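Below: the structure, in structure tokens.
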Amino acid sequence: MNSSLAVSPNALAAYFLNILEGKSMREIGRLQDCQASTVLRRIRRCEDLREHPEWDALFTALENHQEDTRQSLSAHLSRETVLAALKLNAAHLAKEFSPQLQLLQQADSLLLIGDMPGGAVTVAGEVRGKMRRSVALAGLAFGWLVPVGVITGKVRQFKPTPSAIECTGRDFTATCSHPTKRSSSAQAWRSSSLEVLHRQNPGLITADHMRIARDFQMIYLGRQDVTGDVYSVVRQRLAPRLLTALEEVCGKSTGLEALETMLKIPARSGKAVVALALETLDHTGALT
């Protein structure tokens, strides 16, 4: 499965196995090699997401896609599946999303989405662009957009995440066509100290560390809305200084030297602290 979705593919698979195929928590746990309690948390995560109108629309599109194709979503959860369910392709998505992203990166900008087929991109309260709702739903699924403010009402507000820059990359279309290759979502980290360290010392900051870091970033960016419950669990399970390390480096792209100064730890020890924080976060199971 392509793991570069805003929600863990394991959580989505557990949810669809339960509601569409009627499998029990224990059956899903055996399939996913985890405890039934973990399966329950994954399912509840998806149920909570469905309270947001755009996430609910995305889930509905995926369910309709399974019914139309007769292919189990639990075995085919990838970016290609999302695009097919929304009747989009990678080339058109990148072409439509990229110019709107340029507007959304300006100060006082918002994407306004309602139940109509199209949404509006506003800058300082003035409509400057448009985005099809299906394109916005794909952006939400890929972690390019995060809701802000209240989720009720006829119009919802969205802002772009750092990961949204991957839609401008030359290899985005190729990545969607060949999901087994390295995900281009790593482009969002090209300028970060963590990505640089991963390239220089992959034995210390491994590919697993980078995966956990990206998962944390999505949770951190959505902590005021759809991932608030998950973020609360993370805060409860991590020691304060480890949480600060992740918030600064993964959430805010703070440099390691600045982190060391902030935490008052020895020079060049920040990388070890961040690695420990990521491993501890993974061990707690808060991201599953």
Ranking 28, 5, 92 by how far each Cα lies towards the positive end of the charge dipole of the range 1-98 (+1 on Lys and Arg Cβ, -1 on Asp and Glu Cβ), the top one is 28
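Protein chains only, probe 1.4 Å: how do 229, 208, 33 rank by accessible area, largest first? Can you show the working numbers first?
Numbers: 229 65, 208 95, 33 140 Å².
Order by accessible area, largest first: 33, 208, 229.
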How large is the convex hull of the Cα atoms of the range 1-154 per residue, expressed in Å³ as a whole number?
115 Å³
Compute the label zone of residue 237 within the range 9-33: residues whose backbone N is under 20 Å from the point 7 Å along Cα-to-Cβ.
9-15, 25-26, 28-33
Would you mind getting me the FRET efficiency between residue 37 and residue 95? Use the beta-carbon distance for r and R0 = 41 Å, nearest 0.05.
0.40
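Can you figure out the FRET efficiency of residue 20 with residue 127, using R₀ = 41 Å and their beta-carbon distance, to the nearest 0.05? List each step's numbers first, then the result.
Working: r = 39 Å, r/R0 = 0.94.
Working from the Cβ atoms, E equals 0.60.
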Over the range 1-61, with every protein chain in place, what whole percent of the accessible area is carbon and sulfur at 1.4 Å, could you tell me?
42 percent
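Across the chain, where is the longest run that never hits GluC sites (Glu not before Pro) in a DSSP loop with at most 14 other C-beta atoms within 10 Å? It would help to have the intermediate numbers written out before the result.
Values: sites that count: 21, 51.
It works out to 52-288.
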Residue farthest toward the positive end of the dipole of the chain, with Cβ of Lys/Arg at +1 and Asp/Glu at -1: which of 71, 43, 165?
165
Reviewing (1) 19.5; (2) 17.3; (3) 15.1, the figure for mean projected area of the Cα convex hull in nm² actually calculated from this model sits under (3)
Are any of the pairs 130/159; 130/154; 87/252; 87/130; 130/252 more than 26 Å apart by Cα-Cα distance, and if so, which?
87/252; 130/252
Toy charge model, Lys and Arg Cβ at +1, Asp and Glu Cβ at -1: the range 20-102 dipole around Cα centroid in debye, rounded to 20, equals 300 debye
Just want to confirm a number: the relative contact order over the chain, from Cα pairs under 8 angstrom separated by 6+ residues, in percent.
15 percent
Measuring from label point to label point, each 7 Å out along Cα→Cβ, what is the residue 269 to residue 47 span in nm?
4.5 nm
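Compute the Rg/Rh shape ratio of the range 226-288: radius of gyration over Kirkwood radius, all on alpha-carbon atoms. Each step should come with its number before you reach the end.
Details: Rg = 11.7 Å, Rh = 11.9 Å.
With Rh from the inverse mean 1/r over Cα pairs, Rg/Rh is 0.98.
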Mind grabbing the accessible area of residue 282 for me, 1.4 Å probe, Å², rounded to tens?
80 Å²
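Would you compute, from DSSP H runs of 4+ residues alone, the mean residue ellipticity of the chain at 222 nm, taking -39500 (n - 2.57) per run and dividing by the full residue count, rounded to the nearest 500?
Result for the chain: -15500 deg cm²/dmol, rounded to the nearest 500.
The values are calculated or read from the model by the stated rules, or taken from the named source; none is laboratory data. Note that the coordinates shown come from a computational prediction; the quantities given were computed from them, not determined experimentally. Positions of Cβ are generated from backbone atoms using ideal geometry, with glycine treated the same way; all protein chains shown enter the neighbour counts. When the accessible area is computed, the model is the full protein with side chains, heavy atoms only, and any ligands, DNA or RNA have been set aside. Shrake-Rupley method; radii C 1.70, N 1.55, O 1.52, S 1.80 Å.
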